[in-house]
Amino acid sequence: MHMADALISPLVGGTMMAATTAVAAYSIKKVQNDMDEKKIPLMGVMGAFIFAAQMINFSIPGTGSSGHLGGGLLLAIMLGPYGGFLTMASILLIQALLFGDGGLLAYGCNVFNLGFYTCFIAYPFIYKKFVKKTVSTGRILAASLISSVVGLQMGSLSVVLETVLSGKTDLPFKTFLMFMQPIHIAIGIIEGFITAAVVAFIRNSRPEILERAASGERLGAVSLKKILIVFFVLALIIGGGLSWLASSNPDGLEWSIFKTSGKPEIEASGGIYDTMSNVQSKTALLPDYELKTLSGIVGGIVTIGFVALVGFIANALRRRKINLKSRI
């Protein structure tokens, strides 16, 4: 569900960028409450895992379409909504800059569509309400399925609204909506099962991670060695090897665009569109994930570093705030 620049107008792109920047700034402020040295590597490794997982498109039977893990809900469950949103924003920035996946003008839209609805709506108001204090495998599965479907439905509806508000007449609202919503229900169900499986593993290995993310507490003395190793290895295996098994079918958004307009993609040129395209052509070291194994490994490592930097900055701001208070 990575939108290209051609799908949106400069006004919509600028508005969504401003909204995303505001949410990110607020998240940096709020994440300081539960930030500590242990959360930084956890954010980095989970970011690399989601980056790698998004490289694998799975086929949706009977449609000729495919989907991939969004990951926003899982990040919120593991890191809390603010850490999850910041990690998703970092992943999408790396994908856009290094791999040309998703437009720079559409960056704010993509972060909002994949990160805001899952981290700030589906997670706190659906997932947490289902799981509550009585955690069981059944509750985790039900919560993951419903939250994933709702999060993707809101995200896909947002894509439709953003294109309509941008004046893309090739994608009329009702027709585009008719294709986008059902295909993302199917994608959401698959994501729900994957999310539930990962959460069940964490619950059996280190339930404290889930508990402290839900309560907004710091990780403190919780041992993360096993979890960090497991997800780092998974990120390397998925990004460096299993990504070759990804479906070649168009993803849900591309499929919906083709079904609606009869075109494989919508094009736009001139002005800011050319400027953004030129920027991406210079920053994209491996456009469209050329050399998938290398792309998966490089992307995972860069994601770890960038997300860790975001966590380090948040932690440094927290320490600075504490020092200022102690001097008063």
Counted residues in region 99-125 being assigned to a loop (DSSP other than H, G, I, E, B), open to solvent by 20 Å² or more (accessible area, probe 1.4 Å) and of a type outside the set (A, V, I, L, M) come to 2
Among 270, 220, the single one that is of a type in the set (Gly, Ala, Ser), out of contact with any helix residue (DSSP H, G or I) (no Cβ under 8 Å at 6 or more places or on another chain) and either surrounded by fewer than 13 Cβ atoms within 10 Å (Cβ to Cβ) or outside the structural domain of residue 74 (by TED's automatic domain parsing) (or both) is 270
Exception for residue 233 within (1) in a loop (DSSP other than H, G, I, E, B); (2) surrounded by fewer than 17 Cβ atoms within 10 Å (Cβ to Cβ) falls at (1)
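One line per residue, one yes/no per condition, for (1) open to solvent by less than 70 Å² (accessible area, probe 1.4 Å); (2) of a type in the set (Val, Ile, Thr); (3) touching a residue at least 12 places away in the same chain (Cβ under 8 Å); (4) at positive phi:
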{"position": "155", "(1), (2), (3), (4)": "yes, no, yes, no"}
{"position": "158", "(1), (2), (3), (4)": "yes, no, yes, no"}
{"position": "162", "(1), (2), (3), (4)": "yes, no, yes, no"}
{"position": "171", "(1), (2), (3), (4)": "yes, no, yes, no"}
{"position": "195", "(1), (2), (3), (4)": "yes, yes, yes, no"}
{"position": "214", "(1), (2), (3), (4)": "yes, no, yes, no"}
{"position": "229", "(1), (2), (3), (4)": "no, yes, no, no"}
Note: among 5, 34, just one is modelled with pLDDT of 95 or more, of a type in the set (Asp, Glu) and open to solvent by 10 Å² or more (accessible area, probe 1.4 Å), namely 5
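Let's see how each residue does on (1) modelled with pLDDT of 95 or more; (2) on the phi < 0 side of the Ramachandran plot; (3) more than 21 Å from the chain's Cα centre (by Cα):
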residue	(1), (2), (3)
278	yes, yes, yes
288	no, no, no
313	no, yes, no
316	no, yes, yes
Counting only residues in region 273-293 that are among the hydrophobic types (A, V, I, L, M, F, W, C) and closer than 16 Å to residue 104 by Cβ, the one most open to solvent (accessible area, probe 1.4 Å) is identified as 285
Exactly one of 39, 128, 29 is among the charged types (D, E, K, R) and surrounded by 24 or more Cβ atoms within 10 Å (Cβ to Cβ), and that residue is 39
Flagged in region 236-267 as open to solvent by less than 40 Å² (accessible area, probe 1.4 Å) and not in a helix (DSSP H, G or I), in numbering order, are 241, 246, 247, 251, 266
Taking the conditions exactly as written (touching a residue at least 60 places away in the same chain (Cβ under 8 Å) and farther than 30 Å from residue 245 by Cα), does residue 317 satisfy them or not? yes
Query raised in the report: Just wondering, is there one or more residues in region 45-65 that are more than 25 Å from residue 251 (Cα to Cα), in contact (Cβ under 8 Å) with a residue 40 or more places away in the chain and either over 13 Å from the mean Cα position of the chain (by Cα) or part of a helix (DSSP H, G or I) (or both)?
Result: yes
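Select from region 42-68 the residues that are in contact with a Ser or Thr (Cβ under 8 Å, 6 or more places away or on another chain) and open to solvent by 10 Å² or more (accessible area, probe 1.4 Å) and write down the one among them that is farthest from residue 308 (Cα to Cα).
Once the filter is applied, the top-ranked residue is 60.
The values are calculated or read from the model by the stated rules, or taken from the named source; none is laboratory data. Because the structure is a prediction, the values reported are computed rather than measured. We place every Cβ from the backbone using ideal geometry, glycine too, and count neighbours over all the protein chains shown. Calculation scope for accessible area: heavy atoms of the full protein, side chains included, ligands and nucleic acids excluded. Shrake-Rupley method; radii C 1.70, N 1.55, O 1.52, S 1.80 Å.
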